[in-house]
1. If amide hydrogens are placed 1.01 Å from N in the peptide plane, which non-local residues have theirs closer than 5 Å to the one on GLU140?
2. Taking the Cβ-Cβ separation of SER90 and ARG12 as r and a Förster radius of 22 Å, what is the calculated FRET efficiency to the nearest 0.05?
3. Stretched out fully, how many nm does the piece from GLU29 to GLU110 gain, at 0.36 nm a residue minus the Cα gap?
4. If you count, for each residue, the other Cβ atoms within 10 Å and average over each peptide, how do 11-21, 176-186, 109-119 line up from highest to lowest?
5. Measure up LYS16/LYS194; LYS16/LYS112; LYS112/LYS176 against 24 Å on the Cα-Cα distance and list the ones that go over.
6. Pick from GLY46, GLY85, GLY154: which residue has the top mean-square fluctuation in a GNM of the chain where Cα pairs under 10 Å get a spring?
7. Identify the GluC sites (Glu not before Pro) of the range 136-199 meeting these criteria: DSSP loop state and at most 16 other C-beta atoms within 10 Å of the C-beta.
8. Specify whether the C-alpha gyration tensor of the range 79-127 places it in the rounded, prolate or oblate class, a ≥ b ≥ c being the square roots of the eigenvalues: rounded for a/c under 1.5, otherwise prolate if a/b is larger than b/c and oblate if not.
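Read the figures in this text as sums done on the coordinates, not as results from a lab. This structure is a prediction, so every number in the text was calculated from the model and none was measured. All Cβ positions, even for glycine, are placed from backbone atoms using ideal geometry, and neighbour counts span all protein chains on display.
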Amino acid sequence: MPELPRLVVATRNAHKTAEIRAMIGDSFEVLDVSSFPECPHIEETGTTFLENATLKAEGISRVVAGWVLSDDSGLEVDALGGAPGVWSSSYGGDEGNHPRNNERLLREMEGKSDRRARFRCTMVLAREGLAEADFSGTVEGRIIDALRGGAGFGYDPLFIPEGHELTFAELGDGVKNSLSHRARALAKVIDFLKHSGPK
Ligand code: ITT
């Protein structure tokens, strides 16, 4: 059997890797930076999803051969002027602390009647230190006033996608991976890779 082509995801978030691996099926071997201890920490100094996704993809592809895919994503809440947005991962004050992020979101949303929100995901494909293409996906929905469900990660227990009555954390990976911001961006990535020929 020929070896599968490799796709390295420029992330330290194991949940993102697991979702991408599940969605990509068996056309690629999906790894992330946890398999490459030589990868540097990439400072996310951008002010947009695209800037941060580009920093991560280019930074990791300088030290890892082949295609590197980054994912910069976040939650935008209308009643909060688009916050937490690009700063979703440290909204509660502590990078990557999902319980604190959710606590702050619940606090900020107290008494707000406009609950509209969306997840956004921007992905960048890079090779040899250079970004070659970017892809975006969005899913609309609303924020509820108490945590519900145990699947997924991040703000999933507070977000109900449009057309549903359950949160991403209640709907589970199968449903989330069929309609999420990440699924929609990744479908475009897969299409691009299919047409880009062997590398
Ligand atoms: P990497 O930068 O290492 O990829 P990260 O988790 O820090 O990991 P981001 O900088 O893109 O990633 O921040 C994304 C944050 O947005 C994430 O920590 C969650 O708080 C939120 N988020 C993104 N996608 C999400 C999803 O599918 N479900 C719930 N929350 C999500």
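1. Result for GLU140 returns GLU162.
2. Values: r = 14 Å, r/R0 = 0.62.
Efficiency computed from Cβ-Cβ geometry: 0.95.
3. On the way: separation 81, 0.36 × 81 = 29.16 nm, distance 4.35 nm.
Separation in residues times 0.36 nm, less the Cα-Cα distance, equals 24.8 nm.
4. Values: 11-21: 17.9, 176-186: 20.5, 109-119: 14.4.
So the peptides 11-21, 176-186, 109-119, ranked by packing, come out 176-186, 11-21, 109-119.
5. Working: LYS16/LYS194 21 Å; LYS16/LYS112 30 Å; LYS112/LYS176 26 Å.
LYS16/LYS112; LYS112/LYS176, as the Cα separations exceed 24 Å there.
6. Between GLY46, GLY85, GLY154, it is GLY46 that shows the largest mean-square fluctuation.
7. Values: sites: GLU140, GLU162, GLU165, GLU170; in loops: GLU162, GLU165.
Within the range 136-199, the qualifying GluC sites (Glu not before Pro) (loop, at most 16 other Cβ atoms within 10 Å) are GLU162, GLU165.
8. Working: a/c = 3.34, a/b = 1.53, b/c = 2.18.
Here the range 79-127 falls in the oblate category.
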